[in-house]
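Undergrad: Below are the structure tokens for one structure; questions will follow.
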Amino acid sequence: MRIQPTTNNILVKIDKQEEVTTNSGLVLANSKEQDRGATLGMGIVQDGATELYPNKTRVLFKKESSFKINLQGEEYILLTESDIVAIITN
């Protein structure tokens, strides 16, 4: 199955939640909802603009972004450009 975003939507694969076990055996997660991931595709880029988020661009997005998709055990989210708050670089 393939998901192709429409118009100004951006498909992002949500990073898997990292867990850390403390010396006392507590399992800590970095957050309940992930706010970072990698872009997988964009909708139609209008007015001849270049693609701002090519595939595999690492991004931070607002946690309130609401259209989540679970497909074959992987989590994705559809965002608009205004939901993305930063690009992650090395």
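Undergrad: Only residues in segment 64-90 that are outside any strand (DSSP E or B) count as the first member; pair them with residues that are surrounded by fewer than 10 Cβ atoms within 10 Å (Cβ to Cβ), Cβ under 8 angstrom, at least 6 apart or cross-chain, and list the lot.
TA: From segment 64-90, the pairs are 72/1.
Undergrad: What are the pairs, 6+ residues apart or on separate chains, where a residue within segment 1-24 that is closer than 20 Å to residue 83 by Cβ has its Cβ under 7 Å from a residue that is at pLDDT 80 or above and in a loop (DSSP other than H, G, I, E, B)?
TA: Final answer for the pair search is 11/3; 11/5.
The values are calculated or read from the model by the stated rules, or taken from the named source; none is laboratory data. This structure is a prediction, so every number in the text was calculated from the model and none was measured. Using ideal geometry, Cβ is built from the backbone for each residue, glycine included, and neighbour counts are taken over all protein chains shown.
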